[in-house]
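Have a look at the structure below before the remarks.
Laboratory data are not the source of any read-out in this text; all were calculated from the coordinates shown. Computed from a prediction, not measured in an experiment: that's the story for all the values here. Neighbour counts are summed over all protein chains in view; Cβ atoms, including those assigned to glycine, are modelled from backbone coordinates with ideal geometry.
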Amino acid sequence: MAKEIKKILCAVDLSDHSKEVAAYAVLLAKGLGASVLVVYTAPSLSQYVGFHVPPNTIENFVGEIVTGAEKSMEAFVAENFTSVEDRGQVRIGYDA
């Protein structure tokens, strides 16, 4: 018995190439009747703490990046995922 695919994870970097990835995810989602979770991961910049940059400056900068990314993600999802159930999410930090 085949497993039913209900959710598709679509990781994007919000570059021009992300539109191609989105189109493929939409094609799969339509064919499978699945929803799409679109994810962008912003850098945490924690690696710069040792460079004599005040931590609050780094936190403010990361906050601005995330706010901008959330606005960009909202626009990207609205433009590229109109015909499927979707949700956009911005995460912070890369796992090593």
Exercise. Residue-wise, which Karplus ³J(HN,Hα) couplings in Hz belong to region 10-27, taking 6.51 cos²θ - 1.76 cosθ + 1.60, θ = phi - 60°, and x for glycine or proline?
Worked result: 10, 8, 10, 10, 6, 7, 4, 5, 5, 5, 5, 5, 4, 4, 5, 5, 5, 4
Seminar exercise, completed: Once amide hydrogens are built 1.01 Å from N within the peptide plane, the residues lying 5 or more places from Ala42 or on another chain with amide H under 5 Å from its amide H are Arg91, Ile92, Gly93
For this session: Calculate, for Lys3 and Glu59, the FRET efficiency according to 1/(1 + (r/R0)^6) with r their C-beta to C-beta distance and R0 41 Å; round to the nearest 0.05.
Result: 0.45
Problem set entry | For Ala11, distant residues with modelled amide H under 5 Å away | Val39
Seminar exercise, completed: Once amide hydrogens are built 1.01 Å from N within the peptide plane, the residues lying 5 or more places from Asp86 or on another chain with amide H under 5 Å from its amide H are Val36
